[in-house]
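For reference, the structure discussed in these notes is given below.
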Amino acid sequence: MSTVDVDFAVVGAGVLGLSAASALARRGHEVVVCERDTAGHSTSGSKGSARIFRLGYDEPGYVRLAMVALGLWRRLEAESETALITTTGQVTFGDDLDVLGHALERAGAPHEWMTADEVTARFASLSVPTGAVFEPESGVIAADRCLAALRRTPGVEVRERTRVVRCEDGDGAVRVSLESPEGADLLRAAVVIVCAGPWTAPLVSGRIPGLRPLPTLEQVAYLAR
């Protein structure tokens, strides 16, 4: 078994994992990304050309981060000469809508309160029991194009079909045990970033008291304007 020393190891080559790897590589760090399948595989949360990008979150801090992320996606678009985000706007409705609206307001993100009648008038196929919040700068992100652009960042090494078996602290570094078609391997990294989707839980559960990650399925609908 060979051992490779790196600055950062990233688990998962989805949009989150490759974004983290790209940002670190831009800062001059050596980064290895381990993906148990292939980047953008058929069961990945980052597959395909239409994944949601939104500014609307319940916490102002998250809204501000999303606003920063939008600027960074636009920068990557310019660098890669590839369209990554299509701005469509987003309608959000349901319980605790005031919490989301107030978070957008406190973060200074553009938004519009709409009555139920205003929603139906603008989106004929949508009928809501109460009001809604419209976010004009939210839209759709082409995840497949983003993955391709991010993994071209100089200094990012992506190891596909490489499963992270476990992560162990010790000797001032994290030991990352790997399995791949070529056999077992070991990374020794200063920091490990886990962006493994539903595979995150078995890697991090029990490492932090009280931490119990639980994956959930979110339902999103795309409507003609």
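The values are calculated or read from the model by the stated rules, or taken from the named source; none is laboratory data. Small disclaimer: the values here were computed from a predicted structure and weren't measured. For neighbour counting, all protein chains shown are included, and Cβ atoms are generated from backbone atoms with ideal geometry for every residue, glycine included. We work out accessible area using only protein heavy atoms, side chains counted, and drop any ligands, DNA or RNA first. Shrake-Rupley method; radii C 1.70, N 1.55, O 1.52, S 1.80 Å.
List of remarks:
- Subset of the range 16-51 that is of a type in the set (A, V, I, L, M, F, W, C) and in a loop (DSSP other than H, G, I, E, B) - its residue that is surrounded by the fewest Cβ atoms within 10 Å (Cβ to Cβ): Ala50
- Flag if Ala13 is open to solvent by less than 30 Å² (accessible area, probe 1.4 Å) and either within 23 Å of Val204 (Cα to Cα) or out of contact with any helix residue (DSSP H, G or I) (no Cβ under 6 Å at 6 or more places or on another chain) (or both): yes
- Of all residues in the range 99-122, none are assigned to a strand (DSSP E or B), within 22 Å of Leu16 (Cβ to Cβ) and of a type in the set (D, E, K, R).
- Flag if Thr115 is touching a residue at least 60 places away in the same chain (Cβ under 8 Å) and β-branched (Val, Ile, Thr): no
- Set side by side, the residues Arg166, Arg175, Arg145 differ, and just one is farther than 13 Å from Gly12 by Cα, basic (Lys, Arg) and assigned to a helix (DSSP H, G or I), which is Arg145.
- Residue identified as open to solvent by less than 30 Å² (accessible area, probe 1.4 Å), aliphatic (A, V, I, L, M), at negative phi and within 20 Å of the chain's Cα centre (by Cα) among Val194, Val174, Val164, Val158: Val164
- Taking each residue of the range 190-202 that is closer than 21 Å to Gly170 by Cα and looking for partners that are at pLDDT 85 or above and aromatic (Phe, Trp, Tyr) with beta-carbon atoms closer than 7 Å, six or more apart or interchain, yields Ala190/Phe8; Val191/Phe8; Ile193/Phe8.
- Candidate set: the range 146-165, residues that are out of contact with any helix residue (DSSP H, G or I) (no Cβ under 8 Å at 6 or more places or on another chain) and of a type in the set (D, E, K, R); chosen: the one nearest to Arg27 (Cα to Cα): Glu157
- Pairs, first within 30 Å of His102 (Cβ to Cβ) and at pLDDT below 95 in the range 74-92, second among the polar types (S, T, N, Q) and surrounded by 16 or more Cβ atoms within 10 Å (Cβ to Cβ), C-beta under 6 Å, six or more apart: Gln90/Ser138
- In summary, Leu186 fulfils each of the numbered conditions (1) of a type outside the set (Gly, Ala, Ser); (2) farther than 24 Å from Ser46 by Cβ; (3) touching a Ser or Thr at 6+ places or on another chain (Cβ under 7 Å); (4) crowded, with 16+ Cβ neighbours inside 10 Å with the single exception of condition (4).
- Residue, surrounded by the most Cβ atoms within 10 Å (Cβ to Cβ), within the range 52-62, restricted to residues that are over 14 Å from the mean Cα position of the chain (by Cα) and in a helix (DSSP H, G or I): Pro60
- Annotation note: of Leu211, Leu217, Leu203, the sole residue that is modelled with pLDDT under 85 and either open to solvent by 80 Å² or more (accessible area, probe 1.4 Å) or within 30 Å of Thr120 (Cα to Cα) (or both) is Leu217.
- You will find that of Ala132, Ala149, the residue that is farther than 21 Å from Leu16 by Cβ, in contact (Cβ under 8 Å) with a residue 40 or more places away in the chain, crowded, with 19+ Cβ neighbours inside 10 Å and small (Gly, Ala, Ser) is Ala132 and no other.
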